[in-house]
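Heads up, the thing below is written out as structure tokens.
The values are calculated or read from the model by the stated rules, or taken from the named source; none is laboratory data. Keep in mind the model is a prediction, meaning the values are calculated, not measured. Positions of Cβ are generated from backbone atoms using ideal geometry, with glycine treated the same way; all protein chains shown enter the neighbour counts. These accessible areas exclude ligands, DNA and RNA; they are computed on the full protein's heavy atoms, side chains included. Shrake-Rupley method; radii C 1.70, N 1.55, O 1.52, S 1.80 Å.
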Amino acid sequence: MQVEDVLDKLAQLSPKEILGYAIASEEDAKQFYETLAAKSGEVLGDFFRDLAKAEASHRKILLKLHEDLFGDTSYAVPEGIPFAETSVKVDTVVNLIEAMRVALVNEKTAERIYSHLSEILPEHRGIFGFLAAQEKAHYAAIRSHVEYLEDVTNGQPEYVNAPIEFFGAQLELYLGPRTRR
């Protein structure tokens, strides 16, 4: 599903339903980034763990807002609007790049959702503006990693189909102990 399709469907929902979708989406993104972190080694793993922590913080903010607006933290997730990350298999570097492209779509979608919520709930514009800015920053960071990985793998078949763990191990060679020559 494209960003515009998700936004069109969400625009037909109530603020409570959109907020429910956003909360669930943040949880889904957190789990996705944790999965990537577990497969990526220390260097990339730290990057994905930081994204997962940010998504968890966003979820907490949204749950608090849900409680303030609707009296509880019990939210409903609208039917028929999937999350981007759930269908991506990640085991090779090329799959990692694909997964990160999907994450780009999700981050862009989240940014647009928060911008929309700031318009329909203007009294909470500050919160939604902050969340939109965070998602925009995530998008930029992920995009720079995708560009790096595409550059490294371009013309390097040993990297394209290599397990993510192999690529992570190559990066971590720089972290290991150095001996003087």
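Report, by residue number, each residue of the stretch 58-73 that is surrounded by fewer than 14 Cβ atoms within 10 Å (Cβ to Cβ) and in a helix (DSSP H, G or I).
Correct list: Lys60, Lys64, Glu67, Asp68.
Applying the selection to the stretch 36-82, what residues are of a type in the set (Phe, Trp, Tyr) and under 27 Å from Ile120 (Cα atoms)?
Of the residues in the stretch 36-82, the ones of a type in the set (Phe, Trp, Tyr) are 47-48, 70, 75.
Phe70, Tyr75, listed by residue number.
Restrict the check to the stretch 31-39 and report whether at least one residue is open to solvent by 50 Å² or more (accessible area, probe 1.4 Å), outside any helix (DSSP H, G or I) and touching a strand residue (DSSP E or B) at 6+ places or on another chain (Cβ under 9 Å).
Just the residues of the stretch 31-39 that are open to solvent by 50 Å² or more (accessible area, probe 1.4 Å), to begin with: 31, 34-35, 38-39.
Add one more test, that the residue is outside any helix (DSSP H, G or I), and what stays is none.
No, that holds for no residue.
Within the set of pairs 6 or more residues apart or between chains, which connect a residue that is within 19 Å of Ala38 (Cα to Cα) and in a strand (DSSP E or B) inside the stretch 153-166 to a residue that is open to solvent by less than 60 Å² (accessible area, probe 1.4 Å) and not aliphatic (A, V, I, L, M) with Cβ atoms less than 7 Å apart?
Going by the 7 Å Cβ cut-off, the qualifying pairs are Pro163/Thr92.
Kindly provide the set of residues from the stretch 112-123 that are open to solvent by less than 40 Å² (accessible area, probe 1.4 Å) and assigned to a helix (DSSP H, G or I), ordered by number.
Across the stretch 112-123, the qualifying residues are Ile113, Tyr114, Leu117, Ser118.
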